[in-house]
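The values are calculated or read from the model by the stated rules, or taken from the named source; none is laboratory data. From a predicted model like this one, the values you see are computed outputs, not experimental measurements. Glycine gets a Cβ as well: all are built from the backbone with ideal geometry, and neighbour counts include every protein chain shown.
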Amino acid sequence: MTRRQVQTTTKRRAIRTLESKRAAEAEAGHSSGRFRLMMRLGDWQPAGEVLFRRSWPSRLDLKQEIMDELAGLLAARGWVTPEDRSWLVLCLDEAITNAMLHGNEGDPRLEIDVAIACDGRKWQIAISDRGDGFTMASVPDPDDPDSLLLEHGRGIRLMRAWLGSLTYWRRGATVVLSRRCAGVT
């Protein structure tokens, strides 16, 4: 099995696991709320105070460093539990890869901008690229079970399984990942 096939299988398994967990929580009455996927006009409007900003060149060899730094910041503040850190990294992997490869078309001269904000109840990570964005019509339907078999388009489904919301700003050139802080009911 190639590395790409292993990654694809791992992501499919993660999606199914998270979807099962969310369904079980909903049946038990412990649902974390309804997931929201939105496309907004204009620039990102952070919820709460922006606590971190940094830019990186669109180089995939830096992706792990970026994910580690962001996950470390959220974990250090207690916003993500150690058990959920791997899910955060999966979501960051999708968002950062999309920004670098699709938004910035893999051009290492173009940067991605990252910001973290928190309002005391939920955290947000905004990742912006220099691209023109996209339309939701160009993205495979994340509710279609066959979308798991596609080469592209699993990212939204994966992120939806763990995040509280996923919002696109600037026609999709900025993605904002959001979830309730660990321990907040």
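When each of Leu37, Leu41 is tested for being over 15 Å from the mean Cα position of the chain (by Cα), at negative phi and at pLDDT below 95, the lone residue that passes is Leu41.
Among the residues of the range 95-119, write down those that are outside any strand (DSSP E or B), surrounded by fewer than 21 Cβ atoms within 10 Å (Cβ to Cβ) and not polar (S, T, N, Q). If the condition is that a residue be outside any strand (DSSP E or B), surrounded by fewer than 21 Cβ atoms within 10 Å (Cβ to Cβ) and not polar (S, T, N, Q), then Leu101, His102, Glu105, Gly106, Asp107, Pro108, Arg109, Leu110, Asp119 are the ones that fit.
For first residues located in the range 67-96 and more than 21 Å from Leu166 (Cβ to Cβ), partners that are small (Gly, Ala, Ser) and in a helix (DSSP H, G or I) and lie 6+ apart or on another chain with Cβ distances below 9 Å form the pairs Pro82/Ala75. Within the range 159-182, residues that are under 13 Å from Ala47 (Cα atoms) have Cβ atoms under 6 Å from residues that are assigned to a strand (DSSP E or B) and among the basic types (Lys, Arg) in these pairs: Ser165/Arg36; Ser178/Lys122; Arg180/Lys122, counting only partners at least 6 apart in sequence or on another chain.
Leu41 falls short on exactly one of the conditions (1) closer than 21 Å to Ala161 by Cα; (2) loosely packed, with under 13 Cβ neighbours inside 10 Å, and that condition is (1). Across the range 159-183, the qualifying residues are those that are surrounded by fewer than 19 Cβ atoms within 10 Å (Cβ to Cβ) and closer than 16 Å to Glu83 by Cβ, and the one among them that is modelled with the lowest pLDDT is Gly183. Annotation: of all residues in the range 156-185 being of a type in the set (A, V, I, L, M) and part of a strand (DSSP E or B), the one that is nearest to His102 (Cα to Cα) is Val175. Of the residues making up the range 100-119, just one is within 16 Å of the chain's Cα centre (by Cα) and acidic (Asp, Glu), namely Asp113.
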